[in-house]
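For reference, the structure is listed below as structure tokens.
The values are calculated or read from the model by the stated rules, or taken from the named source; none is laboratory data. Nothing here was measured: the structure is a model prediction, and the numbers come from that model. Counting neighbours? That spans all protein chains shown, and the Cβs are built from the backbone with ideal geometry, glycine included. Note: accessible area is taken over every heavy atom of the protein model, side chains too, but ligands, DNA and RNA are not part of it. Shrake-Rupley method; radii C 1.70, N 1.55, O 1.52, S 1.80 Å.
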Amino acid sequence: MEPEAALEFVKQGATMLLLDVPQNTLIGIDTHMFSTGPNFKGVKMIPPGVHFIYYSSSNREGNEFSPIVGFFVDASPSEVIVRKWDSKDVRFVKLSEEEEERYAQAVKNLEFDRQLGPYALDRYGDWKHLSNYITKNTIGSIEPIGGEITVISESEVVENIPKTAMEKVLAEQLKSSKFSKPVEKLPSKGCYYTTIPRVIKQKGASGQELTNMNLDKTQILETILMKQHGGSDDSLLGELQFAFVAFLMGQSLEAFLQWKLLVSLLLGCTEAPLHTRTQLFTKFMKAIYYQLKVGFQKDSKDTGRAEKGAMTLLDESLLSADNFLRHLCKDFFSLVLDSPMVDGDLLTWTRKLRELLEQTLGWDFQQNSAVDGMYLEEDDEFAPVVEMLDDTDHVETPST
């Protein structure tokens, strides 16, 4: 890059100043993670907007690492965000306003310029595809108290959530020695995600009506959109992206479970994609296409230890032929691709997602394929469930 162009990026881009970071600490911003050297002080030339910062401390030998801690920021043009490493708590902490302003001015005077690594602009396109619906409001409404997302805080959060056999094994890992020493001052509870019921219940509805509601989750989707997202498609998609980023980069089991619930909800709708929420589903198909595409690229390009934890979870949760995603995608693809009348953009992105899964994973979406019966061996999480309604546990459906 020409010096003049580089200087313009430095001036217009945001800067993340990270002070006193121990050598060999793993630092990540968006889709790029690296190990710090002795002179590292942060990252410059960060495009304005939403970013995810995450880190993992190492032992002195640099061969063992703590669980990842991550947080979202919404950076303004030329903003300087300052964090300082607290060796006692093994985490980054904020400085006082006076200290932060002093360091920010030093950054603007280019006093730290030689110790700041440039943002990986060649990966920015991938990051935009993963985060284009995440806003400052998304972050503020979902992030935990203190803003730090980490698996350390999730043992109690995920304990009572229904999980598949594989997810139960992952949850048990939280109690292993690797995760047995919680870091002080980290949040004691997880993120404030939207509550998504597995079944819909309605007073006065017959058994057949309840069954129909649960076979098509359109009414659950409408209820969640109107009551918890103000009717905004983009707000719901922002939560979907927030959860995926926190899962893939931040290695959050809670985030994976929420992402799975949102994907299952959307792929479980039959009326909404073709009639009432076509635009939402077109955007959803595009969003999940890039989530999986970037996830697969991450698996092939990044072989460092930092990615292995998340990729192991991705491999075990998504990539086997008998997982929840393959089953739901198969039904959704059939719904859209076999429909006599379907929106052109929705059709295009549905085809692109199917081709990605077929070409990357070799999945077969033909009806009555060999693996169709496999997914119910241990966890029948897709079978329609109709529960009798009580007075305290039900989901109201929108009036028509």
Heavy-atom accessible area of D30, protein chains in place, probe 1.4 angstrom, given in Å² to nearest 10, is 0
Among S76, S57, L116, whose Cα sits farthest toward the positive end of the charge dipole of the stretch 1-118 (+1 at Cβ of Lys/Arg, -1 at Cβ of Asp/Glu, about the Cα centre)? S57
Applying a 10 Å radius around every beta-carbon, put 124-135, 253-264, 226-237 in order of their mean neighbour count, most first. 253-264, 124-135, 226-237
Contour minus Cα-Cα distance for S76 and E99 (0.36 nm per residue): 6.4 nm
Once both label points are put 7 Å beyond Cα along the C-beta direction, the D216-T278 separation in nm becomes 1.6
Could you list which residues have their amide H under 5 Å from that of A75, counting only those 5 or more apart in sequence or on another chain, with H placed in the peptide plane? G49, V50, H51
Run the 1.4 Å probe and let me know the accessible area of T282, rounded to the nearest 10 Å². 20
Any residue on another chain or 5+ positions along whose placed amide H is under 5 Å from the amide H of F92 is listed here as D86
Net +/- balance of residues flanking L110 in space, Cβ distance below 10 Å, scoring K and R +1, D and E -1: +2
Check: the stretch 23-141 dipole with +1 on Lys, Arg Cβ and -1 on Asp, Glu Cβ, in debye: 100
For the stretch 1-88, what is the relative contact order in percent, using Cα pairs closer than 8 Å and at least 6 residues apart in sequence? 36
Just to make sure I understand: if all protein chains stay in place, what is the order of R114, R102 by accessible area at 1.4 Å, largest first? R114, R102
Which FRET efficiency value, to the nearest 0.05, do you get for E111 and K136 by plugging their Cβ-Cβ distance into 1/(1 + (r/R0)^6) with R0 = 35 Å? 0.75
Determine the order of H275, H51, H327, H32 by accessible area, beginning with the largest, at a probe radius of 1.4 Å. H275, H32, H327, H51
